Amino acid sequence: MREEDILNDILKDKIINQCFYNESLLENKNPEVRNVFMEARDDETRDIVRLQQKVERIHNNSSSINKIFTTKDD
């Protein structure tokens, strides 16, 4: 499995977690519990942004290499 594929899998899990925290945030009235879910959601959001940037860098780097080293399609 390529690094980009692994990062995309992690990214999908992070997005699912973020959705869970958002839903839990809406369902709870307790301010302390809501605060915990907001912090967890915000942590996931930061992770998602970093992962998206890393995937984009990997994708751009591989695209540059592919332009230089083309492969023959059979």
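Bear in mind that the values in this text are calculations on the coordinates, not laboratory data. Here the structure is a predicted model, which means the values were calculated and not measured. Ideal geometry is used to build each Cβ from the backbone, glycine not excepted, and the neighbour counts take in all protein chains shown.
Observations on the model:
- 10 Å beta-carbon shell around LYS54, net charge (K/R +1, D/E -1): -1
- Per residue, the convex hull spanned by the Cα atoms of segment 3-56 amounts to 51 cubic angstrom.
- Estimated FRET transfer efficiency when R0 is 25 angstrom, pair ASN60-CYS19 (beta carbons, to 0.05): 0.35
- Spin-label pair VAL36-ARG2: with each label point 7 Å from Cα along the Cα-Cβ axis, the two points sit 4.1 nm from one another.
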